[in-house]
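A.B. asks: Here's a structure for you.
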Amino acid sequence: MSVEQRSAARKIMRAKAVVTMDGMPPQPARTLDIGASGISLTFEHKLEVGHLGSVAFELFLDGKAHIVTCRSKVSYCIFSGDHFKIGYQFINLDPTALNAITKFLR
């Protein structure tokens with residue numbers, strides 16, 4: 001039986017992303033879904049739970065792409081087929097990023 005760990009609603013979001021974990025160079029990823037407190041994406045490398053870094057992604061608002069960058073912490077890492085599904089929890093979102101994410105989730 002699976003226990004849902006998320007406390008907020010999620011919205012499917014398929015977009016390009018760049019993951020820059022502390023101590024690692026930037027690497028491409030693809031988003032899966034987003035919520036007010038975090039994001040999940042597919043990534044080619046395994047990451048340890050608790051690892052800190054930044055996730056930058058495209059968010060489409062009013063027909064335009066906006067790049068949003070969020071300081072984040074890995075909350076889970078699951079091997080899925082030929083990639084890893086990584087869940088991130090946002091840390092101290094700046095007001096601009098929070099506003100963009102909130103607007104997208106409406």
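The values are calculated or read from the model by the stated rules, or taken from the named source; none is laboratory data. Since the model is a prediction, treat every value here as computed from it, not as a measurement. Counting neighbours? That spans all protein chains shown, and the Cβs are built from the backbone with ideal geometry, glycine included. Surface areas here come from the heavy atoms of the whole protein model, side chains and all, with no ligands, DNA or RNA. Shrake-Rupley method; radii C 1.70, N 1.55, O 1.52, S 1.80 Å.
A.B. asks: Does residue 71 count as open to solvent by 80 Å² or more (accessible area, probe 1.4 Å), assigned to a loop (DSSP other than H, G, I, E, B) and within 19 Å of residue 98 (Cα to Cα)?
C.D. replies: No: the conditions fail for residue 71.
A.B. asks: Just to be sure I understand the filter: pairs with C-beta atoms under 6 Å, separated by 6 or more residues or on different chains, first member in segment 33-54 and under 12 Å from residue 101 (Cβ atoms) and touching a residue at least 40 places away in the same chain (Cβ under 8 Å), second member of a type in the set (Gly, Ala, Ser) and open to solvent by 20 Å² or more (accessible area, probe 1.4 Å). Which pairs pass?
C.D. replies: 35/8; 36/8; 37/8
A.B. asks: Working only within segment 6-62, note down all residues that are among the aliphatic types (A, V, I, L, M), more than 22 Å from residue 81 (Cβ to Cβ), assigned to a strand (DSSP E or B) and open to solvent by 30 Å² or more (accessible area, probe 1.4 Å).
C.D. replies: Within segment 6-62, just 52 meets the criteria.
A.B. asks: Of all residues in segment 74-97, how many are open to solvent by less than 80 Å² (accessible area, probe 1.4 Å) and either part of a strand (DSSP E or B) or not acidic (Asp, Glu) (or both)?
C.D. replies: Qualifying residue count for the region: 16.
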